[in-house]
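Here is the structure we will look at.
Derivation of every value follows stated rules applied to the coordinates shown; laboratory data play no part. Because the structure is predicted, anything quoted here is derived from the model rather than measured. Neighbour counts are summed over all protein chains in view; Cβ atoms, including those assigned to glycine, are modelled from backbone coordinates with ideal geometry.
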Amino acid sequence: MKRRNVMMGGAAALGLGACSQSKFKTYNGPDITGIVVNKKAREMFLLNNGRVIEDYRIDLGFAPIGDKFFEGDGRTPEGLYLIDRRNPNSQFHLSLGISYPNARDRAEAAALGKPPGGDIFIHGNTTGFRTGTEDWTWGCIAVSNREMEDVYAMVRNGTPIQINP
């Protein structure tokens with residue numbers, strides 16, 4: 001009986017240990033002072049005063065060519081924005097909100113008689129791994145879940161993000 005209790009206790013401890021890995025990492029490196037996204041090259045850089053600290057391959061909106069003009073167009077916006085919110089419970093693992101739409105974006109959408117949309121994020125994905133399909137989001141910027149854990153730890157609210165064509 002004692003042997004069975006020891007084995008069951010050990011199995012429970014191992015099971016709980018596997019659950020203790022957190023998606024929330026810590027980062028003690030240089031401050032990330034900016035993010036640059038180059039849509040055509042499918043790359044994102046985290047910068048400290050112009051120096052690249054990390055770089056990532058990214059997936060974009062399902063219609064990656066051109067600026068975002070209205071809700072549902074499948075495009076990733078272009079321009080200068082800020083990281084303005086964090087979602088630790090995102091359906092895409094973790095996510096950082098981008099301050100789209102700005103005044104210019106709202107005016108462009110209004111001129112077309114359409115809403116500008118919103119909820120543009122840098123996020124992970126539902127599988128945890130690359131989907132094998134580029135440009136699957138509705139306008140967001142996606143990385144793997146492991147990469148998103150690093151980005152989430154490194155980037156603070158208020159960080160500028162420049163999204164280039």
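Which chymotrypsin sites (Phe, Trp or Tyr not before Pro) does segment 19-109 hold that lie in a coil by DSSP with at most 12 other beta carbons within 10 Å? Write down the numbers at each step before the final one.
On the way: sites: PHE24, TYR27, PHE45, TYR56, PHE62, PHE69, PHE70, TYR81, PHE92; in loops: PHE24, TYR27, PHE62, PHE69, PHE70, PHE92.
Here the chymotrypsin sites (Phe, Trp or Tyr not before Pro) that fit, given the DSSP loop and packing criteria, are PHE24.
State, to one decimal in nm, how far the label point of LYS40 lies from the label point of ASP150, with both points 7 Å from Cα in the Cβ direction.
Placing both labels 7 Å beyond Cα along the Cβ direction yields 2.6 nm.
Below 9 angstrom from the Cβ of GLU78, what's the summed charge of the other residues (Lys, Arg +1; Asp, Glu -1)?
Cβ neighbours under 9 Å give a net charge of +2.
Given 0.36 nm per residue, what is the gain on full extension from GLU71 to ARG57 after removing their alpha carbon distance, in nm?
On the way: separation 14, 0.36 × 14 = 5.04 nm, distance 2.49 nm.
Length difference between fully extended and current span is 2.5 nm.
Mind checking which lysines have their Cα closer than 22 Å to the Cα of LYS114? Skip sequence neighbours fewer than 8 apart in that chain.
Partners within reach: LYS68.
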